[in-house]
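What follows is a set of notes on a single structure, which appears directly below.
Please treat every number below as a calculation from the coordinates, not as lab data. Source: prediction; values computed, not measured. Glycine gets a Cβ as well: all are built from the backbone with ideal geometry, and neighbour counts include every protein chain shown.
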Amino acid sequence: MSRRPADDDADADRSPDGPGLPFPTDADAEVADAPGDGAPAPDAPLAERMRPRRLADVVGQPAATGPGTLLAEGARAGRLPSVVLWGPPGTGKTTIARALAHDAGGTFVALSAVTSGVKDVRAVIEAARARRRRGGRTVLFVDEIHRFNKAQQDAFLPHVEDGTVVLVGATTENPGFSLTRALQSRVRVVVLTPLSDDALDTVVTRALADPAGLAGAVVLAPDARAALRRVAGGDARRALGALELAAARAVERGDGAVDVEDVAVGAQRAVATYDRGGDLAYDALSAFHKSLRGSDPDAALFWMARMLEGGEDPLVIVRRLVAMACEDVGLADLHATRVALEAKQAVEFLGATEGELALVRAVVYLAAAPKSNAVVTAMAAAHEAARAHPDAPVPAHLRNAPTAFARSLGHGTGYRYPHDHPGGFVAQSYLPDALVGARFYAPVEVGDEREVARRVAYWARRRAQAEETP
């Protein structure tokens, strides 16, 4: 990200208050516009000083802000759609919202769903109405919009519909889950992604040279630049925060050469990009399960460690292990579920730290186990049959007959008790008439399921032989 100097910004004089003010302001606005609408203070954090003021200067989101995109065309034509910007921290959500207001000549007003309520929204709307009567427009930026409840989100609906405000929401959570259906129908979702290494390099290079940034005071060694990319993890704000502290250390030392150690000190320990209960958590859990299913213990161990580093509850991981053992190992390894449940017992008994070794044991075992999803396909087939024959009656001989009246209706009549017959088996029908002969479970000839398949085939042969016998 980079902020162009004010005297290079040809659009600055679009403000009715004169050049140098990128956003129009209203002297009688009931709610003050967000701070930082003008040039940031010299002592503001580097990330704030480098914030782009125009959409064309935004780095790393070509699919969202590049030529021909919804946002670029809307800003160019001065007709902005209401949108929700969905992406991880540090990908430019606030920056894009400010740039949209600047390029379209609107007043930027910010609310945070963490600290604001319906009363604050109403005050902003009243100010927007007054601004609209004077011919102005309002770009209302709502940070962490997913934290608003249903009533608070619904408060925006009529004002978005009638054009009182252009709503730009920002969220790190999936809008499909976190926004009401009514609000979803009135906004467009724009997806932002973590910045690539090339984009981070551009952000850092601009910050090193820009007069509003470090103004050439330091030089970044190539290995330090690579280290900065690693600790940033696609987050421009994190990259600039680490660079700022590393540069201060280099300047204080007197040589102005930022090295790897400076970056390490500036970044401290990279915090895992993880949000318990959020999309990132579910994505990591999905990657973990798919790695187990794909028989890759190393990948599964990495994703488990990533989740644990992010503060995930080990029992969440254990539940996934048990589910995976049932779903993807199934009957191919008859010990798989037991191993997963042993990990649960160990975590509960030993605690999270010592219990990790039990998790590792279960992860490696399940990843290396033979795989079969025959139980999954069997359940799906059974559900399909149940939906196709919802009223199929229970055959009379299988019905419960606890009373004389039930027996008088024929319940239980004709049922043969298998243990009264040689080998504990007797051929009789257990399915409704409409499903006689149906097969739902198809065993896979792998691992322990080979033995299960042999047994299933044995009983099928016994039934067939009994049916053939006069």
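Out of Leu285, Ala242, Gly254, whose Cα points farthest toward the positive end of the dipole of segment 210-299 (charges: +1 Lys, Arg; -1 Asp, Glu; placed on Cβ)?
Leu285
For segment 334-375 and segment 378-439, what is the centre-to-centre distance using only Cα atoms, to the nearest Å?
Cα centres, segment 334-375 to segment 378-439: 37 Å.
Picking from Ala221, Val166, Leu208, whose Cα lies most toward the positive end of the charge dipole for segment 152-246 (charges on Cβ: Lys, Arg +1; Asp, Glu -1)?
Farthest towards the positive pole: Ala221.
Report, to the nearest 10°, how far helix 197-209 tilts away from the longest principal axis of the Cα atoms in the chain, using its own Cα long axis and a range of 0 to 90°.
20
Could you work out the relative contact order of the chain? I mean the mean sequence separation of Cα pairs under 8 Å and 6+ apart, divided by the number of residues, in percent.
On the way: 737 pairs, mean separation 49.6, N = 470.
Computed value for the chain: 11 percent relative contact order.
Less than 10 Å Cβ to Cβ from Leu183, Lys/Arg counted +1 and Asp/Glu -1: what total charge do the surrounding residues give?
Values: positive: Lys150, Arg181, Arg186; negative: Asp154.
With Lys, Arg at +1 and Asp, Glu at -1, the net is +2.
Net charge near Ala41, counting Lys/Arg +1 and Asp/Glu -1 over other residues with Cβ under 11 Å of its Cβ? Provide the component values of the computation, followed by the final result.
Working: positive: Arg49; negative: Asp43, Glu48.
Value of the local net charge: -1.
Among Glu342, Glu309, Glu356, Glu449, which comes first, then next, by fewest other beta-carbon atoms within 10 Å?
Working: Glu342 16, Glu309 12, Glu356 19, Glu449 23.
In increasing order of surrounding Cβ atoms, one gets Glu309, Glu342, Glu356, Glu449.
Suppose every Lys and Arg Cβ carries +1 and every Asp and Glu Cβ carries -1, with no other charges. What dipole size does segment 215-267 come out with about its Cα centre, to the nearest 20 debye? Each step should come with its number before you reach the end.
Working: 7 positive and 8 negative charges, 49 e Å.
Using only the charged Cβ atoms, the result is roughly 240 debye.
Run the dipole for the chain about the Cα centre, Lys and Arg Cβ at +1, Asp and Glu Cβ at -1, nothing else charged, and hand back the magnitude in debye, nearest 20. Each step should come with its number before you reach the end.
On the way: 54 positive and 61 negative charges, 330 e Å.
Here the chain has a charge dipole of around 1580 debye.
Could you order peptides 114-125, 361-372, 296-307 by the average number of other Cβ atoms within 10 Å of their residues, highest first?
Values: 114-125: 15.4, 361-372: 20.8, 296-307: 18.3.
Output ranking for 114-125, 361-372, 296-307: 361-372, 296-307, 114-125.
For every helix of n ≥ 4 consecutive DSSP H residues, a contribution of -39,500 (n - 2.57) applies; sum these over the chain, divide by its total residues, and give [θ] at 222 nm rounded to the nearest 500 deg cm²/dmol. Mind dumping the intermediate values first?
Working: 21 runs with 223 residues, N = 470.
Value at 222 nm, helices only: -14000 deg cm²/dmol.
Cα axis of helix 336-350 to longest principal axis of the chain: angle in degrees, 0 to 90, nearest 10?
For 336-350 against the chain, the angle is about 60 degrees.
Which entries in Lys93/Lys150; Lys150/Lys344; Lys150/Lys290 show an alpha-carbon gap greater than 28 Å? Before the final figure, lay out each step's value.
Numbers: Lys93/Lys150 22 Å; Lys150/Lys344 37 Å; Lys150/Lys290 34 Å.
As for pairs spanning more than 28 Å Cα to Cα, those are Lys150/Lys344; Lys150/Lys290.
Compute the angle between helix 314-324 and the longest alpha-carbon principal axis of the chain, please, reported from 0 to 90 degrees and rounded to the nearest 10.
Once rounded, the angle reads 50 degrees.
If you take the square roots of the eigenvalues of the alpha-carbon gyration tensor of segment 279-368 and sort them as a ≥ b ≥ c, do you get rounded (a/c under 1.5), prolate (a/b over b/c) or oblate? All intermediate terms of the calculation are to be shown ahead of the outcome.
On the way: a/c = 1.73, a/b = 1.12, b/c = 1.55.
The shape class here is oblate.
Would you mind ranking His159, His383, His411 by Cβ crowding within 10 Å, fewest neighbours first?
Values: His159 21, His383 11, His411 18.
Sorted ascending by nearby Cβ count, the order is His383, His411, His159.
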